[in-house]
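Undergrad: Please see the structure below; I have some questions.
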Amino acid sequence: MSHAIAFDTLSSMKRLKDAGFSQEQAEVQTRIIAELVDERLATKQDLKELELRMAAELAPLKWGTAVTITGILALILKTFFPH
């Protein structure tokens with residue numbers, strides 16, 4: 001992924017400690033969450049880039065499908081409505 005997502009580790013640790021976690025537990029839990037956010041979550045920009053790449057890759061398939069359907073329709077018309 002190309003862009004970082006902001007994750008407030010200090011606030012996370014404070015909230016965990018306020019909820020009864022020890023300092024060590026809060027640190028470990030916050031580190032795990034921060035790693036997941038950094039490595040696994042997509043930003044809006046990541047999704048937009050993915051959408052653009054998919055659209056570019058699918059465009060030829062759309063044209064291929066249109067040509068195929070046109071050919072099938074022409075074959076059906078020729079078969080059932082000969083000149």
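Undergrad: Can you report the number of residues in the stretch 30-83 which are hydroxyl-bearing (Ser, Thr, Tyr), farther than 30 Å from Lys17 by Cβ and surrounded by 10 or more Cβ atoms within 10 Å (Cβ to Cβ)?
TA: Of all residues in the stretch 30-83, those hydroxyl-bearing (Ser, Thr, Tyr) come to 30, 43, 65, 68, 70, 79.
Now drop any that are not farther than 30 Å from Lys17 by Cβ, which leaves 65, 68, 70, 79.
From what's left, surrounded by 10 or more Cβ atoms within 10 Å (Cβ to Cβ): 65, 68, 70.
So the answer is 3.
Undergrad: Would you mind telling me which numbered condition in (1) closer than 18 Å to Ile5 by Cβ; (2) within 21 Å of the chain's Cα centre (by Cα); (3) among the hydrophobic types (A, V, I, L, M, F, W, C) Ala55 fails?
TA: (1)
Undergrad: Still on this structure: Would you check which residues across the stretch 1-29 are surrounded by fewer than 11 Cβ atoms within 10 Å (Cβ to Cβ), at pLDDT 95 or above and of a type in the set (A, V, I, L, M, F, W, C) and list them?
TA: Hit for the stretch 1-29 is Ala19, nothing else.
The values are calculated or read from the model by the stated rules, or taken from the named source; none is laboratory data. None of the values given here were measured: they were computed from a predicted structure. Because the Cβ atoms are built from the backbone with ideal geometry, glycine has one as well, and the counts that use them run over all protein chains shown.
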